[in-house]
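The values are calculated or read from the model by the stated rules, or taken from the named source; none is laboratory data. Since we're looking at a predicted model, the values are computed, not measured. Neighbour counts run over all protein chains shown; Cβ positions are idealised from the backbone, glycine included.
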Amino acid sequence: MAARIISGTEISAKRLDRLTERVTKLKAAGVTPGLAVVIVGEDPASQVYVRNKEKACARVGIFSEKIELSTSATQDELLAVVAMLNARTDIDGVLVQFPLPDHLNEDEVIEAISVDKDVDGFHPESIGRLVVGKETFVSCTPAGVMVLLEESGVVLEGKNVVVVGRSHNVGKPAALLCLEKNATVTICHSRTEDLAGHVGSAEVLIVAVGRPEMIKGQWIREGAVVIDVGINRLADGRLVGDVEFEEASKRASAITPVPGGVGPMTVAMLIENTVHAAVRHAGIT
């Protein structure tokens with residue numbers, strides 16, 4: 001039996017509809033959430049991501065502003081823009097689109113963003129608060145993964161969850177969020193021995209490694225739920241995930257597609273974080 005498709009496109013649309021209602025009420029109370037996106041250079045993929053974020057802002061009715069800097073912008077110039085946005089009262093969320101040109105220091109930029117406006121959830125303080133279970137902005141992609149699982153009726157308590165990928169922004173936060181739901185979590189990575197064996201033990205598998213179809217379908221446990229965070233463009237122009245979809249879908253009970261899976265949720269959770277930031281800044285309980 002073919003796996004049930006977990007559609008991020010559909011689930012994110014429902015999420016954005018609810019956010020639209022929330023923003024309408026906030027505006028009636030005199031509060032308009034604002035998001036600023038800073039993009040450096042003209043990377044085509046980054047331009048697409050920023051346009052998607054602008055469209056989502058327009059859809060729910062929040063204010064958005066895009067600040068474009070040239071590829072030759074210096075670290076000081078970028079940090080000055082971040083400082084200016086930190087100080088603006090009409091901006092609740094600040095996002096710097098990554099990757100940056102090689103001469104710029106991403107870590108320094110992340111730490112320069114006010115933690116109160118860190119709607120990407122990348123700041124070390126945001127991640128630290130997640131580790132100790134305190135309220136914080138959660139990185140948008142793993143937050144979206146959790147919504148996909150919840151909306152699909154997947155109960156994590158007591159389940160064996162395997163996360164493939166240990167990035168600060170996806171793999172590690174996803175593992176922490178699953179732990180908060182009382183799952184038993186294993187984190188795998190490029191140096192894991194017997195990766196196939198670990199993958200095969202997963203009742204819920206979350207993959208975020210950035211390598212096209214690295215996880216083979218035959219590794220998947222019968223009936224597992226598979227969340228594929230990866231999106232990779234092949235030489236022939238096709239977009240594929242980190243999981244071998246066709247074979248995996250024959251074994252999994254449910255699986256996210258690529259595209260149309262986790263990607264739309266990342267944008268939806270960015271908008272949700274921005275709305276939460278506006279509520280905090282306005283002192284609304």
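Within the stretch 148-165, count every residue that is over 10 Å from LYS181 (Cβ atoms) and either crowded, with 18+ Cβ neighbours inside 10 Å or not assigned by TED's automatic domain parsing to the domain that holds ALA208 (or both). Write out each step before concluding.
Taking the stretch 148-165 first, the residues over 10 Å from LYS181 (Cβ atoms) are 148, 151-153, 160, 162-165.
With the extra rule that they be either crowded, with 18+ Cβ neighbours inside 10 Å or not assigned by TED's automatic domain parsing to the domain that holds ALA208 (or both), the set shrinks to 148, 162-165.
Of the residues in the stretch 148-165, 5 are over 10 Å from LYS181 (Cβ atoms) and either crowded, with 18+ Cβ neighbours inside 10 Å or not assigned by TED's automatic domain parsing to the domain that holds ALA208 (or both).
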Quick one: which residue in LEU234, LEU195, LEU270, LEU205 is among the hydrophobic types (A, V, I, L, M, F, W, C) and surrounded by fewer than 16 Cβ atoms within 10 Å (Cβ to Cβ)?
LEU234
Go through (1) crowded, with 16+ Cβ neighbours inside 10 Å; (2) in a loop (DSSP other than H, G, I, E, B); (3) in contact with a strand residue (DSSP E or B) (Cβ under 8 Å, 6 or more places away or on another chain) one by one and return the number of the condition PHE122 breaks.
(3)
Only one of these is in contact (Cβ under 8 Å) with a residue 24 or more places away in the chain, touching a Cys at 6+ places or on another chain (Cβ under 9 Å) and not hydrophobic (A, V, I, L, M, F, W, C): HIS189, HIS198. Name it.
HIS198
Do we have any residue at all in the stretch 66-77 that's polar (S, T, N, Q) and at pLDDT below 95?
no
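Within the stretch 200-212, does at least one residue satisfy the condition of being out of contact with any strand residue (DSSP E or B) (no Cβ under 8 Å at 6 or more places or on another chain) and of a type outside the set (A, V, I, L, M, F, W, C)? Spell out the reasoning first.
Of the stretch 200-212, the ones out of contact with any strand residue (DSSP E or B) (no Cβ under 8 Å at 6 or more places or on another chain) are 200.
With the extra rule that they be of a type outside the set (A, V, I, L, M, F, W, C), the set shrinks to 200.
Checked the stretch 200-212: at least one residue is out of contact with any strand residue (DSSP E or B) (no Cβ under 8 Å at 6 or more places or on another chain) and of a type outside the set (A, V, I, L, M, F, W, C).
Here is a yes/no grid of residues against (1) among the aliphatic types (A, V, I, L, M); (2) crowded, with 24+ Cβ neighbours inside 10 Å; (3) more than 23 Å from GLU10 (Cβ to Cβ):
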position	(1), (2), (3)
SER201	no, no, yes
ARG211	no, no, yes
ASP228	no, yes, no
THR256	no, yes, no
PRO264	no, no, no
Of the residues GLU68, GLU42, GLU21, which is assigned to a helix (DSSP H, G or I), without any contact (Cβ under 8 Å) to a residue 60 or more places away in the chain and surrounded by fewer than 21 Cβ atoms within 10 Å (Cβ to Cβ)?
GLU21
For residues that are touching a helix residue (DSSP H, G or I) at 6+ places or on another chain (Cβ under 7 Å) and assigned to a helix (DSSP H, G or I), tally how many sit in the stretch 24-39.
1
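Take the conditions assigned to a helix (DSSP H, G or I), assigned by TED's automatic domain parsing to the domain that holds VAL162, touching a Gly at 6+ places or on another chain (Cβ under 9 Å) and buried (at least 22 other Cβ atoms within 10 Å of the Cβ) and apply them to ALA278. Does it pass?
On the way: assigned to a helix (DSSP H, G or I): yes; assigned by TED's automatic domain parsing to the domain that holds VAL162: no; touching a Gly at 6+ places or on another chain (Cβ under 9 Å): yes; buried (at least 22 other Cβ atoms within 10 Å of the Cβ): yes.
Judged against the criteria, ALA278 is not a match.
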